Amino acid sequence: MSELSPDDPSTGAEPLTKAECAELIAEVWTLLDGECTPETRQKLKQHLDECPPCLRIFGIEEQFKALIATKCSGDRAPEGLRERLQLEIRRTTIIRDVQ
């Protein structure tokens, strides 16, 4: 399986800019989870409307999330795993190259 990227020529469209596409891809999960602000949601949806390659990636992520929800509904991770994951999430820092 090949890795998808917004500038993949097989998608048939040019991305707006790589920086804008990278920003969308970084935020796609907050959009899918309904955790972004209304302003961010509007900005991301506008980008998706204008950038078919990112819309394709977004659709794949959306399908992936739906699949996980279907296959894992009702299952609960062991408490030790949950605690380790929460600790790692708190340790994680996202660094973005904003120019």
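Residues are listed down the side, and each one gets a yes or a no for (1) touching a residue at least 40 places away in the same chain (Cβ under 8 Å); (2) surrounded by fewer than 11 Cβ atoms within 10 Å (Cβ to Cβ):
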position	(1), (2)
LYS45	no, no
ASP49	no, yes
PRO52	yes, no
ARG56	yes, no
GLY59	no, no
ILE68	no, yes
CYS72	no, yes
ARG82	no, no
GLN86	no, yes
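Need pairs with beta-carbon distance below 8 Å; first residue under 15 Å from ARG56 (Cβ atoms) and exposed (fewer than 12 other Cβ atoms within 10 Å of the Cβ) and within segment 12-32, second modelled with pLDDT of 80 or more and not hydrophobic (A, V, I, L, M, F, W, C); sequence gap 6+ or separate chains.
GLY12/PRO52
The values are calculated or read from the model by the stated rules, or taken from the named source; none is laboratory data. Note that the structure is a prediction, hence the values are computed from the model and not measured. Every residue, glycine among them, receives a Cβ derived from its backbone with ideal geometry; neighbour counts consider all protein chains shown.
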